[in-house]
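Let me begin by presenting the structure, written as structure tokens, before commenting on it.
The values are calculated or read from the model by the stated rules, or taken from the named source; none is laboratory data. Small disclaimer: the values here were computed from a predicted structure and weren't measured. Reconstructed Cβ throughout: ideal geometry from the backbone, glycine too, with neighbour counts over all protein chains shown. Keep in mind that these areas ignore ligands, DNA and RNA; they rest on the heavy atoms of the full protein, side chains included. Shrake-Rupley method; radii C 1.70, N 1.55, O 1.52, S 1.80 Å.
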Amino acid sequence: MKYNPSKIEKKWQKHWEKIKINSTKDEIKGKKNFMLLVEFPYSSGNLHVGHWYTYSLSDILARYLRMNGKNVSYPIGFDAFGLPAENAAIKNNLHPSDWTKKNISYMKEQLKRIGATFDWNREVQTINPQYYKWNQWIFLKMYENGLVYRDKTKANWCPKDKTVLANEQVVNGCCERCGERVEQRNIEQWMMKITKFADELFEGVNQLDWPRPAKIAQRNWIGKSDGFLINFSVENINEKIEVFTTRADTIFGATYLVLSPEHPMVEKITSDGRRQAIGKYIQEAKRKTDLERQQEVNNKTGVFTGSYAINPADRKKIPIWIADYVLSSYGTGAIMAVPAHDQRDWDFAKKFGLEIVPVIQPKDEELPRNKPFLGEGQLINSGSFSGLENKIAVEKISLFISGKKSTDYRLRDWIISRQRYWGTPIPMIFCSKCGWLPEKEKNLPIKLPDLKNYMPTDEGKSPLDRAENWKNIKCPNCNEPAERETDTMDTFVDSSWYFLRYADPKNKNKFADNKKIKKWMPIPLYVGGAEHITMHLIYSRFIIKALNHMGYLDFDEPFLARRTHGIILGPDNQKMSKSKGNVIDPDEEVKKSGADSIRMYFGFIGPFSQGGSWNPQGLNGISRFLNRIWNFYQEQIQEGQKPISKKDEEEIKKSLHLSIKKIGEDIENLEFNTAISSLMECLNSWQKVEGKFKKIDLDNFLRILSPLAPHMAEELWQVMGNKKSIHLEKWPKYSEKIISRKNFDLVIQVNGKVRSKSPAPVGINEDEAKKLAFEDGKIKELISDKKIKKIVFIKDKLINIVVG
């Protein structure tokens, strides 16, 4: 029978759905629960090859874990609110609801076609009011606990998407969604107090089993700095400027102060002759984002205020400057500049001709002349502290200048207001008499109205401002006319807790039942993209810590382990895009080659953490391999084949048991490429043997194939006369006795070329290997009249005789 993947895959997908093989119970006696979490997709379009890569390879692990006795939940849902879906709907001239629901319907069919064992009974859709009701509930509980507040703040405004963006959604000064240059606006916003958990978020990373780059990215984004607050007096006026520094040891080298343009002291200290220049500079700074101000490395700008501060260490007078590379949101918005020992300060001092005073002398070398010295050493030019190691002097100097210990963070509170239609309505009400009031919990969900004109506005108001009947209500406090908040929530709120809902997706009374949460949480393994290691992961960790702080959860870290997958590039080794014409349609590839071929090709393309480039020849190679398996089993079920010899049977079992061990270990470690290589090696060794194999060996091969190529394995399993689904079988056990090698083939080379092989015991030493080589007839003939120059011996592998 010829291998027909299309026919076989449709047959078994229907069968698996019928017998509900993917449905997960909350508890199975004798089995430990394991929720394998993958990032749920945006529903702004169809699934692309990258989705297939993530979901099909993670499914291999899910199937393997089930076979190893775990009660595995492999849930899925759809992140359906937000800018990506709304912008796509606008582009396609459809209402966001119609566009999104149409996409979800098609994406569900796509996910089923790859043979993924998603538990559709746990599906969540963030646009479902019974889901976003709990966004609103979490918001209200955080508001009650002082973790949500409203304030006027500088915000990133995208003029094209016409909404506020979080700092994390601005890339190189542009909106990450549409690429438009972002503006700075002062707008009243709803904010979540993520900074309250800054220290917990920073320290908590240490206990997580995450890739090192993800941990570093989290720590860098939070940006914890331990230092001191130091006061600098302003000359001729009774004012002080407070500076935060992590380098109190260098204060004798502070030759000027720099304030951010927004610093409240700017107006007080600016001299009359400098007011026009300072005013102009401040206006220019307002046009830049914080990120742009920090990244302008080679083009630092600044203006002298005309005033001076007094260095508290040596009482010297130093100039006060305004520069936009100092941010009001970090530290105190003022820095002491030590150009001799800081690259940023050095560049600024050189540009504006400011004094540079070295205060740290490196050991055993001269101070550099054309750059700052950034290392450790002994203090110089530091009064009575000169001669001390700079690290040791920190505490002593801070005490001398009355510095106060302080910790600062780069992390800022999370602005969640969005002036767009397609999102969760914020459950707040404004009354001109009573101010802002929270919606009553019994009224949740506050449903998003069906708005015909959902286009964003230029004046910064949400489209929901047009929904008069929905917006205008009575004040719940005084019964006078009031208005609902018309901003919607950042879609990252939706995705910050969605995994909790998987534990109990149909609960109408709680976001999830506590007992069910305890059965599945915290998540033992979360698989996702590198692009989410800051925003999504930080927001999720924050929300879980907040829920824990409020008493709704008994754990404070959502994801114990995190693994990051790579991306699939186009055949030209470039990122796939329609403009480049290198996009691969996964549906077309499945029609041509079958889902099993695609799954195994993704696994074989390279390490899961790196991804690789789409290569049609590589896919063809996998298809040929699957055909070889198919044809091998067709031969094995034929009658009249002779039995295999005992020696061949031993080799068959050895290669099989080695594969059981290696493939199992590789799948557990998400090393799918080497797992598939082992499977290929096993089949290669088997096809050298003629005759009828034992059924137990053939069945066990199919068991280890089943997570990788589930449809083919199921079909051949039935062909072999088995009744129950192979995906309800256990992973076969390997025998250490069988796989332990007693002998191996010693490769014998002459001048680097293989000339012979000789059976040898494992652990043979070099002298014993020489003896075997010199007694080999072929080798004797090759080296009889030659001079032996060198012998290279690699234990349990080869010996190379170099002759001249």
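Remarks
- Between the listed residues Q13, I644, T117, the Cα displaced farthest toward the positive end of the dipole of the chain, a dipole computed from Cβ unit charges relative to the Cα centre, is found at I644.
- Rounded to whole numbers, the Karplus 3J(HN,Hα) couplings from phi for the stretch 217-232 are 4, 5, 4, 5, 5, 6, x, 6, 9, 9, x, 9, 9, 10, 9, 10 Hz, using 6.51 cos²θ - 1.76 cosθ + 1.60 with θ = phi - 60°, and x at Gly and Pro.
- Backbone HN-Hα couplings from phi across the stretch 100-110 [Karplus 6.51/-1.76/1.60, Hz, Gly and Pro as x]: 5, 5, 5, 5, 4, 4, 6, 5, 4, 5, 4
- Dipole magnitude of the stretch 1-100 about its Cα centre (Cβ charges: Lys, Arg +1; Asp, Glu -1), debye to nearest 20: 860 debye
- Karplus-derived 3J(HN,Hα), 6.51/-1.76/1.60, for each residue of the stretch 481-490, Hz, glycine and proline x: x, 8, 10, 6, 5, 9, 6, 10, 7, 3
- Remark on V803: its backbone amide H falls under 5 Å from those of N751, K789, a criterion applied only to residues 5 or more positions apart or on other chains, H modelled at 1.01 Å from N.
- Over the stretch 600-708 - Rg/Rh using Cα atoms and the Kirkwood inverse-distance radius: 1.00
- Length available on full extension from K11 to K316: 0.36 nm per residue minus the Cα-Cα distance, which gives 101.3 nm.
- Where labels lie 7 Å past Cα in the beta-carbon direction, separation of E665 and K240 in nm: 6.3 nm
- Counting Cα-Cα pairs of the stretch 336-390 in 5 Å increments starting at 0 gives whole-percent bin shares of 5, 21, 29, 24, 15, 6, 1.
- The chain: angle of helix 766-775 to the longest principal axis, Cα-based, in degrees nearest 10: 40 degrees
- Simple label model, 7 Å out from Cα along Cβ direction - K591 to V803, nm: 6.3 nm
- Projected area averaged over orientations for the chain, convex hull of C-alpha atoms, nm²: 46.6 nm²
- Accessible solvent surface per residue of the chain, calculated while the other protein chains remain in place, 1.4 angstrom probe, Å²: 47 Å²
- 222 nm mean residue ellipticity, helices alone, for the chain (DSSP H n ≥ 4; -39,500 (n - 2.57); rounded to 500): -11000 deg cm²/dmol
- Point-charge dipole on Cβ atoms (K/R +1, D/E -1) for the chain, about Cα centre, debye to 20: 2280 debye
- Taking 0.36 nm per residue of sequence separation and removing the Cα-Cα distance, the K789/F632 pair yields an extension gain of 51.7 nm.
- Heavy-atom surface analysis with a 1.4 Å probe gives the chain a carbon and sulfur content of 47 percent of its accessible area.
- Nearest 10 degrees, 0 to 90: helix 49-67 Cα axis against the chain principal axis: 60 degrees
- Those residues of the stretch 623-646 whose amide nitrogen sits under 20 Å from the label point placed on S677, 7 Å along Cα→Cβ: 623-626
- Nearest 10 degrees, 0 to 90: helix 710-719 Cα axis against the chain principal axis: 20 degrees
- Distance between the modelled labels on V689 and E389, one decimal in nanometres: 6.6 nm (7 Å Cα→Cβ projection).
- Partners of K787 within straight-line reach, counting lysines whose Cα lies under 30 Å from its Cα and excluding those fewer than 8 residues away in the same chain: K753, K757, K770, K771, K778, K795, K797.
- Full extension of the chain between K733 and K780 yields a length gain of 12.4 nm, computed as 0.36 nm times the residue separation minus the alpha carbon distance.
- Sites E766 and N68 - FRET efficiency at Förster radius 51 Å, r taken between beta-carbons, to 0.05: 0.75
- Size of the stretch 153-257 as Cα extents on the principal axes (Å, biggest first): 49, 41, 25
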